[in-house]
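As structure tokens, the structure follows; a few thoughts come after it.
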Amino acid sequence: MIAEIGHLALILAFLLALVQAAMGLSGGARRDSRLMAGARASALFQLLFVAMAFVALAICYLIPDFSVALVQQHSHSTQPWPYRLAATWGSHEGSLLLWVLILAIYGAAAALFGRRLRPTLVSRMLGVQALIAAAFLGFALFTSNPFLRLHPAPLDGAELNPLLQDPGLVLHPPLLYLGYVGFSAAFSLAAAALIEGRADMAFARWLRPWIIAAWSALTLGIALGSWWAYYELGWGGWWFWDPVENASLMPWLAGTALLHSAIVLEKRGALISWTLLLSILTFSLSLLGTFLVRSGVLTSVHAFAVDPARGTAILGFTVLATGAALALYGWRAPSMQTGAVFSPVSREAGLALNNLFLMAATATVFLGTFYPVFVEVLSQGQDRISVGPPYYAITFVPLVLPLLAIVAYGPMLNWKRDSLKAVTGRLKWPLLIAALALVVAIFTLGPSHVLQILGATLGVWLIAGSAWVLVRRWTAAGRDEIGWRIRKTPPAVWALCLAHAGLGMTALGIASVTALETETVATLTPGQSVDFAGRRMTLTGAEIVEGPNYRAERVILHATGPGVNREIISERRFYPVTGTWTTEAGIDLTPLGAYYVSVGERRGDGVVIRAWNHPMVGWIWWGGLVMAFGGALSLADRRLRLAAPAPRAPAKTAEAAP
Amino acid sequence: MKRAALILTALILMASAPPPPAPVEDRPLADPAQEARAQAIHESLRCVVCQNESIAESGAVLAADLRQVVRERVSAGDSDKEVRAFMVERYGDFVLLKPPFEAATWLLWLGPFAVVLIGAGAVFAYLRRRRSAGEATPLTREERARLDALLAEEDEA
């Protein structure tokens, strides 16, 4: 019964999306306030129905109702309920439902918060958003229906992949989707502006919160995913250049570029057509990511059940949406130029340079991800190549380093016109600190690690440069005003400093861990110990622990060393239903680094222990957290909340307007 | 002693659990320089039966097998290049995580830098166009100073 309610709700949401698309687009074209109000209302009801469908599926999982095929495939009665619930989005069909749910959330948010904006623009945005929703709801209904029943109902289900039975599954996918599905709002808004042939500063001011919201969630989602992989996969990797990771990195890079170009548009009215193009491209990359995960063209740890037919449908839509948007862009954008002028040394130019490097980095990831597919297709399956971490070390990293170098310059540059000499003078202290960091890095990381030395130095440079933005601001008017100025620092300034400093933290963490990580393998019997990375680890306990749906071999190690005296618990879990093993690494994480222990196989009376020392690895994720927090803070800025200058008049006058 | 016995019992109990995935022994080379070289090579080779891992990271039996093969070749005196060539002969270019630069991959290798160059050209052209558009009405020194001050003020606000 519940599954049927969900199915019905999904059908209604699909029909509503079609109605919304028609009302939104024609209402905007005809300036008909009733149609435009209708589009708004449908956006809200669409969210209601998609949410109903989603909740229905979640309930089927919670019960668990094994007569629903999807539940049967991804859930077992012994599986703890939080993981049964999270299994709702642990499959292709379920995650697609989460996808459309988040799309509907952004659509409804546009309908709710868009009241102060030009009604025709919002209406057209809702129309475009509904076109995307209709495509994906239709896709869910016709190819990936989550509510199919099994007859007769089986007694129990298969199990969710044990790797996914982790708190990470509860948070990682929703955050990731809030991120890259969130870029749909920027896409729809850009398309609406192109249809209207108008993209002014007020438009940019309204565009930015959508980008920032999506970007912050995506940042958090990627950082969380990296942390999850780190502790779950059992050997301390935190980024794999896996095609599906790349699928989330590409929209992040493009979204970061978009975030910055929208600032130029909002503040100076420049880079209009570039910002519109980026809005289109960013969401296209999100769509491409969706295609990657679900098509099976690439082998990846993340891939869902592979099905070429579904992949073709998503690829078709990706091409259609991107092609249509680009055609619209090619038709409309040339007439949307501005007269805003700036010199080669100015904040605008700095941000243009930022965009250049970010887009080149995006292109690199794109090439690395898709090239193996091109080669295989072009040679008709004869040739296969792999593109792995060494490729990105040679191409991606050299593109990112100059980007990091210019990031601290950005906030110090004046708009419109500046001189290199003057801005370097303003950055005297951060430059000095970076020079010190360079010397320290050469000694601590070893002179052979050139890229890491540069990365660590630039990380410190970013943190110092961001702090310096605040210091200069606070001390600009003498000592008496410092307290007042600290209190009066707008959230947007905090946001900028936190986001840049967070990036610096991540760079510092990556540089340190890749230069300094060490590893050891030892076979320990009870009471035996091994010395590693300044610590002594003694095997003090080994036991079998029965979990709800697994049996774990738990090993307890006592680690002692200067200032360290603690237990590290590491497990290997066996899940009998699927017959698979997972590792739960024992991690002692401090700001200085992580001490990472994973249990290996038994050998005679002993257990094989693999241990890693990962200096400063935590900074990678804390940096991501700080970046995302910065983004969230900037959403709180009064300037953005006030959005565009509001048309005070009710919608009726809009009808009469030319 | 009693504690040790308890732990031992637990370890024996573990032995009754189903077999672990890859009980293949890694035997590091005695010479640390050779072992370091072997490990660097491990990281550059793909585990061909895995999803997306190097043989250094993978827990698969084949990966452990290949790690030993690499060590054997290294200790037999092969250069890094020769070891990789040996692997390519067996598994094709697919085994290399760093694809070779050749007719089929030049775009992959040069693409990123081409994008930077083309992009830089576009940015430069854009800036020139912007600037020449702005030079129609040059400002006097005083005007410029006043304007900069005003802009700086606006920035502060």
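The values are calculated or read from the model by the stated rules, or taken from the named source; none is laboratory data. These figures come from a predicted structure and were not determined experimentally. Cβ placement follows ideal geometry from the backbone for every residue including glycine, while neighbour counts extend to all protein chains displayed. The accessibility values were calculated without ligands, DNA or RNA, using every heavy atom of the protein model including side chains. Shrake-Rupley method; radii C 1.70, N 1.55, O 1.52, S 1.80 Å.
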Check: Ignoring any ligand, DNA or RNA, what whole percent of the accessible area of segment A:1-159 comes from carbon and sulfur when the probe is 1.4 angstrom?
Finding: 73 percent
Next item on the list: Would you rank A:Glu266, A:Glu481 by solvent-accessible area, highest first, keeping every protein chain in place and using a 1.4 Å probe?
Entry: A:Glu481, A:Glu266
Item checked: Within segment B:22-95: Cβ-based charge dipole about Cα centre, in debye rounded to nearest 20 (Lys, Arg +1; Asp, Glu -1) -> 80 debye
Check: Taking the simple approach of a point 7 Å from Cα along Cα-to-Cβ for both B:Gln34 and A:Val521, what is their distance in nm?
Finding: 1.7 nm
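Using helices alone, I'd like the mean residue ellipticity at 222 nm for the protein assembly as shown: each DSSP H run of four-plus residues gives -39500 (n - 2.57), total over residue count, nearest 500.
Taking each H run of at least 4 residues, the total per residue is -21500 deg cm²/dmol.
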Note to self: What is the percent carbon and sulfur in the accessible area of segment A:476-616, measuring with a 1.4 Å probe over the protein chains and ignoring ligands?
What the structure shows: 53 percent
Item checked: Calculated Rg and Dmax of segment A:151-264 using C-alpha coordinates, Å -> 18.6, 61
Check: Given a Förster distance of 22 angstrom, what is the FRET efficiency for A:Phe374 paired with B:Gln68, based on the Cβ-Cβ distance and rounded to 0.05?
Finding: 0.05
Notebook entry, point to check: Between chains B and A, what is the buried accessible area in Å², counting both sides, with a 1.4 Å probe and ligands, DNA and RNA left out, to the nearest 100?
Noted result: 5200 Å²
Check: From the residues A:Trp468, A:Tyr550, A:Thr322, which one has its Cα farthest along the dipole of chain A in the positive direction, the dipole being from +1 and -1 charges on Cβ of Lys/Arg and Asp/Glu about the Cα centre?
Finding: A:Trp468
Next item on the list: Report the label-to-label distance for A:Arg479 and A:Leu62 in nanometres (one decimal), using points 7 Å from each Cα along the Cα→Cβ vector.
Entry: 6.1 nm
Checklist line | Sequence of A:Glu159, A:Glu519 when ordered by accessible area, the most exposed leading, probe 1.4 angstrom | finding: A:Glu519, A:Glu159
Item checked: B:Val123 - accessible surface, heavy atoms, 1.4 Å probe, Å² rounded to 10 -> 30 Å²
Notebook entry, point to check: What accessible area, in Å² to the nearest ten, does a 1.4 Å probe give for A:Ser284?
Noted result: 10 Å²
Notebook entry, point to check: Roughly how many Å² of A:Phe574 are accessible to a 1.4 Å probe, to the nearest 10?
Noted result: 30 Å²
Checklist line | Distance (nanometres) between label positions extended 7 Å along Cα→Cβ at A:Leu320 and A:Arg115 | finding: 3.5 nm
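Accessible area, 1.4 Å probe, largest first: how do A:Tyr180, A:Tyr83 sort?
Most to least solvent-accessible, the answer reads A:Tyr83, A:Tyr180.
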Next item on the list: In debye, nearest 20, what is the charge dipole magnitude of the protein assembly as shown about its Cα centre with +1 on Lys and Arg Cβ and -1 on Asp and Glu Cβ, if you could check?
Entry: 3240 debye
Next item on the list: Over the Cα atoms of chain A, compute the convex hull volume and normalise it per residue, giving Å³.
Entry: 182 Å³
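For A:Leu401 and A:Val55 in one chain, what is 0.36 nm times their gap in residues minus the Cα-Cα distance, to one decimal in nm?
That pair, A:Leu401 and A:Val55, stretches by 120.0 nm at full extension.
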Checklist line | Cβ-derived FRET efficiency at R0 22 Å, A:Val450 paired with B:Ser79, nearest 0.05 | finding: 0.45
Check: Could you state the number of Å between the C-alpha centres of segment A:424-491 and segment A:354-409?
Finding: 30 Å
